[in-house]
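Colleague: What follows is a single structure, and I will ask about it in a moment.
Readers should treat all values here as calculations from the given coordinates under stated rules, not as data from a laboratory. These numbers come from a predicted model, not from an experiment. Backbone-built Cβ (ideal geometry, glycine too); neighbour counts: all protein chains shown.
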Amino acid sequence: MPFFTTREKGIFMSYSTFTSESVCAGHPDKICDQISDAVLDAILTRDPDGRVAVETVVTKNRIILLGEVTTHAKVDYAQIARDVVKRLGYTRPEWGFSFDTAVVDVYLQQQSPEIARGVDDDGAGDQGMMFGYACQETSELMPLPIMLAHAIARGLDVAQNSTLPYLRPDGKAQVTVRYRNGQPVGIDQVTVAKPHDEVVSLVQVQADIYSQVIAPALAGYGYQVDEKDIVVNGTGVWHHPGPAVDAGLTGRKIVVDTYGGYARVGGGAFSGKDPSKVDRSGAYAARYIAKNIVAAGLAERCEVGLSYYIGAKEAVALRIESFGTSTVSEAKLRGFADGCIHTSVSGIISALALKEQRYEMIAKYGHFGGKHPSWEAVPR
């Protein structure tokens, strides 16, 4: 774990720099995440108790949906996939991937009755461990590197759809933050990759992205970076975006979705899974507890770990690590956590209104640090 002091053990661990990346909404893996969550949204809207575990694969002119669905809802899976791809800007067949030319294959079956037996009784729909994290580095109580990377990725997409229409879907953003004594003090480097029209020079792309995207994104957090410390399209050219040149898969950006590598992540991804899957709901509950602990001033940094087995009514383990920064005893931290949310699957779903949440929009720019999801609330 980076950037913390463990006073009890007399150990100080610190990196001088830390790098996190984010991806644009049109990145192939994110296309898959959004399709899987759009399917989930369509089912939960019609059938709040529907069971969904949908994986999406995209490649050149092909979209494949795999997994398990149990629902009485009538859903046009192929049309949902095409609508997502269209919204993301893949409208030109010459790119080798377009909403109206891609073949959509659907291979969905019913959830295993052996798994359903446990879920039907309000048990966990999977086993595994989940982690939540919070710290004081940003107003969102998130690590600074990942929040900066998300801000730049979001800014690239906004520019693509408004002020810089020559930009194309897909893209990545990476930020290296400099630390001193465990606290962020500056930006060492920003790396951006973004496809664009052939008629626009790389020099113009670099200048526009710096002035319209990178500089404003960093300024929003009180930082700046010199142009010499920015890399845009490191190979010098990128024109052809998306799945035709880079296949995508649901759940492959779990580090982007969480804490940018700054904190532990669990064994399962989020998108395409209904809230009975603790990979998703457990991770949201863990973030909710960690954020509330930090927001209440009980610790400067906090990691919460939960674990479940299939059919478990509640977490079989809850661990809280404050890395020596807590202002209260471990017993009081645990008592506070117990008062935040009940870690039963039904308790999490109810407290965070997870059946009413719509997930497609959350599938881009990270699941944590946003203003609207219920697991980001600080009611205390």
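Colleague: Give me the distance in nm between label points sitting 7 Å out from Cα along the Cα-to-Cβ direction at Asp197 and Asn61, one decimal.
Modeller: 2.5
Colleague: Amide H to amide H under 5 Å from Thr17: which residues, 5+ apart in sequence or cross-chain, H placed 1.01 Å off N in plane?
Modeller: Amide H neighbours of Thr17: Tyr179.
Colleague: Shape of the chain from its Cα gyration tensor (a ≥ b ≥ c, root eigenvalues): rounded if a/c is under 1.5, otherwise prolate when a/b > b/c, or oblate?
Modeller: Cα axes put the chain in the oblate bin.
Colleague: Same structure again: Rounded if a/c is under 1.5, else prolate if a/b is larger than b/c, else oblate: which is segment 124-170, with a ≥ b ≥ c the root eigenvalues of its Cα gyration tensor?
Modeller: Judged from the Cα gyration tensor, segment 124-170 comes out oblate (a/c at least 1.5, b/c at or above a/b).
Colleague: If you keep only loop residues by DSSP, which GluC sites (Glu not before Pro) in segment 12-114 have at most 11 other Cβ atoms within 10 Å of their Cβ?
Modeller: none
Colleague: How high is the relative contact order of segment 128-220? Use alpha-carbon pairs under 8 Å, at least six apart in sequence, and give a whole percent.
Modeller: 26
Colleague: If you plug each phi of segment 55-68 into the Karplus form 6.51 cos²θ - 1.76 cosθ + 1.60 with θ = phi - 60°, what whole-Hz ³J(HN,Hα) values come out, in order, with x for Gly and Pro?
Modeller: Result, ordered by residue: 9, 10, 10, 10, 8, 4, 6, 8, 10, 10, 10, 10, x, 10 Hz.
Colleague: Determine the shape class of segment 189-322: with a ≥ b ≥ c the square roots of the Cα gyration tensor eigenvalues, call it rounded for a/c under 1.5, and otherwise prolate if a/b is greater than b/c, oblate otherwise.
Modeller: Because a/c hits 1.5 or more and a/b fails to exceed b/c, segment 189-322 counts as oblate.
Colleague: Fewest to most neighbouring Cβ within 10 Å: what's the order for Tyr365, Tyr288?
Modeller: Listed from fewest to most nearby Cβ atoms, that is Tyr365, Tyr288.
Colleague: Another question, if that's okay. Counting pairs of alpha carbon atoms under 8 Å apart in space and at least six apart in sequence, what relative contact order in percent does segment 157-197 give?
Modeller: Here the relative contact order equals 41 percent.
Colleague: Counting only residues 5 or more places away or on other chains, whose amide H sits under 5 Å from the amide H of Gly272 once H atoms are built in the peptide plane?
Modeller: Amide H neighbours of Gly272: Asp37.
Colleague: Helix-only estimate, please: 222 nm mean residue ellipticity of the chain, summing -39500 (n - 2.57) across DSSP H runs of length 4 or more and dividing by its residues, to the nearest 500.
Modeller: Taking each H run of at least 4 residues, the total per residue is -8500 deg cm²/dmol.
Colleague: Further question: If you average the C-alpha positions of segment 336-380 and of segment 52-76 separately, how far apart do those two centres end up, in angstrom?
Modeller: Here the answer is 24 Å between Cα centres.
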